[in-house]
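What follows is calculated from the coordinates using simple rules that are stated; it is not laboratory data. Since this is a predicted model, take the numbers as computed values, not measurements. All Cβ positions, glycine included, derive from the backbone under ideal geometry; neighbour counts span all protein chains shown.
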Amino acid sequence: MNSKKFSEAISEVDDKYYEEVINYQATKSFKRRWLVALAAAIMTFSLIGAGAAISQYVDRVEMSERFEGIEHYDLSENKKIEISEVAEIGEIFIVPDAITTNREKITIKNNSSAEITVYLYSSDNDFNDAIQEMKIEGNSEKAFAGLSSRFLYHIGIVTNDTEQISVTITD
Amino acid sequence: MIEDEKIIAMFFDRSEQGIRELDIKYGKVCRKLSYNIVHNRQDAEECVNDAYLGAWNAIPPAKPDPLLTYICKIVRNISLKIYYRKEAAKRNSTYTIAMEEIEACIADPNTVEAEIEVKELARIIENFLDTLTVKERVIFMRRYAYMDTYADIAKCVGISEKNVSVRLTLIRQKMKDYLIGKEVFL
């Protein structure tokens, strides 16, 4: 076999091998991906840091006129509350911040594997009389619906497991 | 850029605009492929034009899909013919260098394998290609089908030129072992 015959044979190989070359997209090298990931991580942490600072600033100085003088967490402004606390079995854990929202629902995502019961309270009521309650299975989410932005709300969480309560509350 | 189907439709309508659109879309790739073989701009241009004419005569009835592969194969075959016609005078094209690389792992023509048909050899090469990873196959085909330089291959597959060189050496060695295993040459 000489190179000419080899070359002729290469011309004869199935089109799919030629197409594969044309359609091939190089995957980024690990090194490059790693650098991109690092840059993304730095940017994310920077944004989180900046977000946290802004959030604290907003919490401290910016109250809506309606709830002036009442310290609260505006979900529509701050987007979400992350709770990660160890709770006693059967004991209610009250989310520290009173909450307002511009939307008609508040979504609770249960990030732990244990089922939790979540209670919604109006700030006008005491904590023995929940407006709504719902059970949320592990690693799933549900929402309190039909809410009004005219109220301040509190949220209480109960777990029958000793696992840590881990939830994300969003608008 | 215009879709392949529309270019082919123009060929079917015998509209010369189809050739112009084909050139706008794939002319650069074709000229590069041809130049890598014939190593002469004017020859490459002529090869590509001849390829367009070949496509014009073949479509219809042919309805190639994908069009790029089809036209590249025509360009490659025409360019190889030109190359062999002028072979004595030219020893500096990418094709020459690529074929010199491959000579090391193929036998002289006075052995049993000299009888092997091109088509049969093509099937054996296909089977060999199937043993490679996608990346290896792309590197191999870019080098020995599209006649790309190491630099172009490196850019395409996202590795260094040195890495391309090393990988090609390993692939050629693999091919040599494969061909020996298939008794293509002894």
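Where in segment B:149-186 is the amide nitrogen less than 15 Å from a point lying 7 Å along the Cα-to-Cβ axis of B:ASN127? Within reach of a label on B:ASN127: B:175-185.
Once the C-beta distance of B:ALA58 and B:ASP177 is scaled by a Förster radius of 51 Å, the resulting FRET efficiency is 0.85 to the nearest 0.05. Across B:GLU117, B:GLU21, B:GLU100, mean-square fluctuation computed from a Gaussian network of chain B (C-alpha pairs under 10 Å connected) peaks at B:GLU117.
Estimated at 0.36 nm per residue, the fully extended path between B:GLU5 and B:LYS86 surpasses their Cα-Cα distance by 25.5 nm.
The order of B:VAL29, A:VAL118, going from fewest to most other C-beta atoms within 10 Å of their C-beta, is B:VAL29, A:VAL118.
Assuming a ≥ b ≥ c are the square roots of the Cα gyration tensor eigenvalues, decide whether chain B counts as rounded (a/c under 1.5), prolate (otherwise, with a/b larger than b/c) or oblate. Since a/c reaches 1.5 and a/b is larger than b/c, the shape of chain B is classed as prolate.
In terms of its alpha-carbon gyration tensor, segment A:82-122 comes out prolate; a/c meets the 1.5 threshold, and the first ratio a/b outweighs b/c.
Could you calculate the FRET efficiency of B:ASN163 with A:SER76 from 1/(1 + (r/R0)^6), where r is the beta carbon distance between them and R0 is 56 Å, rounded to 0.05?
Numbers: r = 53 Å, r/R0 = 0.94.
E(calc), rounded to 0.05, equals 0.60.
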